[in-house]
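One structure is given here, and the rest of the page talks about it.
Read-outs throughout are calculated quantities, based only on the coordinates presented, and are distinct from any laboratory measurement. Fair warning: this is a prediction, and the values are worked out from it, not measured in the lab. FYI the Cβ positions are ideal-geometry reconstructions off the backbone, even for glycines, and counts take in every protein chain you see.
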Amino acid sequence: MTLDRERLLAYLMELTAALEDWERYRARMTRDLLVRDRDSRNMVFHAMLTAIQAAIDIGQHLLAANRWERPGSYRETFELLATHGALAEELGDRLALLAGFRNALVHVYWKLDLDMACQVLHTGAEPLREFCAAVKQILTEADG
């Protein structure tokens, strides 16, 4: 498989839009509001899930395009990108944690630890922003 620039740009656009929502919600969302308002909780969790999943999709495409190992989990997607030097190791670790949080959002949403969710809401967007910058750099290098 070769690098599909259009696909990566589409994923990046989705990731960027979801991050904008995430950051807007972060500015006004409290733990109390997440606990008592299901609609607010759903909006926040949807933005977080969409952003993290877009990053996973980008990472898996990069692994396939470079014919690197196939990840055994979403977390491993970012670990492998770091192993191959596409991401800094520390960024790969932080993104792997977000992939684990994504799994909690999808599989145990009805009993999600809201303290942990609030922490991710307030800290999780930054690694995704760094990931966007890394992917843009990869695209620039591929062009040139």
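Quick notes on this one:
- Between the helical axis of 125-143 and the longest alpha-carbon principal axis of the chain there is an angle of about 20 degrees.
- When both the stretch 46-88 and the stretch 7-36 are represented by their alpha-carbon centers, they are found 19 Å apart.
- Förster radius 25 Å - calculated FRET efficiency between V106 and E141 (Cβ-Cβ, nearest 0.05): 0.15
- Annotation note: chymotrypsin sites (Phe, Trp or Tyr not before Pro) in the stretch 53-84 located in DSSP loop regions with a Cβ neighbour count of at most 15 within 10 Å are W68.
- Rounded to 10°, Cα long-axis angle of helix 5-28 versus longest principal axis of the chain: 20
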